[in-house]
């Protein structure tokens, strides 16, 4: 089964998983350097505000594959058997932590409702500012702290204290964690299961590479 070419349903599911990976990769960037790749950061944050999309691709914008390039690359790197390139255990830990928190969240209907209300409030705020404005980041970070952070299990973010002690950077990290959980929810809704990460490793890579190729073709056509 792992040698079967991934169909469109599988490929769409992988795009959602790439959303989790992208949030994780951006958290690492911010925690280590205080900076993040802004186009990918914007995609991750704005995915929170796609509350009622017509399909999964709409969650990540009109050029979803291109917008999730960072996440797709991180996914391929983790699942690859290339022993010359060590696995990024930090990103892997963030990804599995986000998937674990998504599972815990499904059992807390009241918290889910609070998050939904909070995201709608932040989305309205983003209309008056921008989706990544510091006020919006502070709002989303506060929402994360008041809900997800109350679980006994928490994401342990490692990085430079000078960055993690900076309020705006920390707000961006928490906002990204929230967006990662949103992608994890979407991945689960599309049929994603933890065991697929291991048993479908080859298909995961194939699907991610197909998305990257599609993004390159689309970019070339628009030049």
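Things to note:
- Members of the stretch 179-218 found to be buried (at least 16 other Cβ atoms within 10 Å of the Cβ), in contact with a helix residue (DSSP H, G or I) (Cβ under 7 Å, 6 or more places away or on another chain) and assigned to a loop (DSSP other than H, G, I, E, B), listed by number: 190, 192
- Of 114, 175, all but one fail to be at pLDDT 95 or above and closer than 18 Å to residue 67 by Cα; the exception is 175.
- Looking only at the stretch 119-142, residues that are farther than 23 Å from residue 28 by Cβ, outside any helix (DSSP H, G or I) and touching a residue at least 12 places away in the same chain (Cβ under 8 Å) come to 0 in all.
- So residue 145, is it in a helix (DSSP H, G or I), at pLDDT 95 or above and more than 26 Å from residue 75 (Cβ to Cβ): yes
- Taking the numbered list (1) in contact with a helix residue (DSSP H, G or I) (Cβ under 7 Å, 6 or more places away or on another chain); (2) in a helix (DSSP H, G or I); (3) surrounded by fewer than 18 Cβ atoms within 10 Å (Cβ to Cβ); (4) in contact (Cβ under 8 Å) with a residue 60 or more places away in the chain in turn, residue 158 passes all entries but (2).
- Every residue from the stretch 67-89 that is in contact with a helix residue (DSSP H, G or I) (Cβ under 7 Å, 6 or more places away or on another chain), farther than 14 Å from residue 197 by Cβ and at pLDDT 95 or above: 67, 68, 69, 70, 71, 72
The values are calculated or read from the model by the stated rules, or taken from the named source; none is laboratory data. Note that the structure is a prediction, hence the values are computed from the model and not measured. With ideal geometry, Cβ positions are generated from the backbone for all residues, glycine too; neighbour counts draw on all protein chains shown.
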